[in-house]
Amino acid sequence: MEHNEHIVERYERAWIFFGLGMIVVFILLIGYLMVANRGTITIGAGRVDATLVRTEGDFANPRVEQVGNEYVVYAQAFSFGYLPSEIRVKAGKKVTFKITSPDVQHGFQVVRTNINPQVIPVEIVQVSHTFNTPGEYRIICNEYCGIGHANMISKIIVEP
Ligand code: CUA
């Protein structure tokens, strides 16, 4: 009997160590991801009056702006589409997207990248990315936003 209890104890100990080991692995993984993605996304990079997004300030003029060797994109995600209607950048240069919504919550997922912020009215979300591979990158909305949600798509053209 005593012999069996030792076996049980050993199993218990093994599982406790396994559990603790997994906690350590998760903490290290989260730490790694935080460092690896540092500075790429800023939620609440600023605030805007959602009722004025279309008429005043940077977002009333959605555009791709070249700043030195980088790009800044002022983008609107709205029901149901994105502005500017065309985003064209050169490969290998840092692109900083500043995005907001004049109406409801949307998504701004750029397929084949890790860009995938929620876009919330009143808030500006900022995401940076360097496209190293030329081509077309689809932008899709993955926050259900109404009847036209499924048609809410756009694209980024990355030139060589
Ligand atoms: Cu916008 Cu779904």
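The values are calculated or read from the model by the stated rules, or taken from the named source; none is laboratory data. Worth saying up front: this structure is predicted, and the values here are computed from it rather than measured. Methodologically, a virtual Cβ is constructed for each residue, glycine included, from the backbone with ideal geometry; neighbour enumeration extends over all protein chains shown. Surface areas here come from the heavy atoms of the whole protein model, side chains and all, with no ligands, DNA or RNA. Shrake-Rupley method; radii C 1.70, N 1.55, O 1.52, S 1.80 Å.
Here are the numbers:
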read-out	value
Any hit, the stretch 85-96, residues being within 25 Å of Gly146 (Cβ to Cβ) and either of a type in the set (Lys, Arg) or free of Cβ contacts under 8 Å to residues at least 40 places away in the same chain (or both)	no
Subset of the stretch 118-136 [closer than 16 Å to Val72 by Cα and part of a strand (DSSP E or B)]	Ile124, Val125, Gln126, Val127, Ser128, His129, Thr130
Filtered residue count, the stretch 106-140, keeping only those that are free of Cβ contacts under 8 Å to residues at least 40 places away in the same chain, within 12 Å of the ligand (Cβ to nearest atom), of a type in the set (A, V, I, L, M) and open to solvent by less than 50 Å² (accessible area, probe 1.4 Å)	1
Residue selected from the stretch 107-117 under the condition more than 17 Å from Arg63 (Cα to Cα) and not in a strand (DSSP E or B), by the criterion modelled with the lowest pLDDT	Asn114
Residue in the stretch 84-105 that is within 16 Å of the ligand (Cβ to nearest atom), touching an Asp or Glu at 6+ places or on another chain (Cβ under 8 Å) and modelled with pLDDT of 95 or more present	yes
Unmet criterion (only one of (1) touching a strand residue (DSSP E or B) at 6+ places or on another chain (Cβ under 8 Å); (2) outside any strand (DSSP E or B); (3) loosely packed, with under 13 Cβ neighbours inside 10 Å; (4) modelled with pLDDT of 95 or more) for Glu143	(3)
Ile99 open to solvent by 60 Å² or more (accessible area, probe 1.4 Å) and under 14 Å from the mean Cα position of the chain (by Cα)	no
Some residue of the stretch 37-47 being without any contact (Cβ under 8 Å) to a residue 60 or more places away in the chain and open to solvent by 60 Å² or more (accessible area, probe 1.4 Å)	yes
Unmet criterion (only one of (1) in contact with a helix residue (DSSP H, G or I) (Cβ under 7 Å, 6 or more places away or on another chain); (2) among the hydrophobic types (A, V, I, L, M, F, W, C); (3) open to solvent by less than 20 Å² (accessible area, probe 1.4 Å)) for Val73	(1)
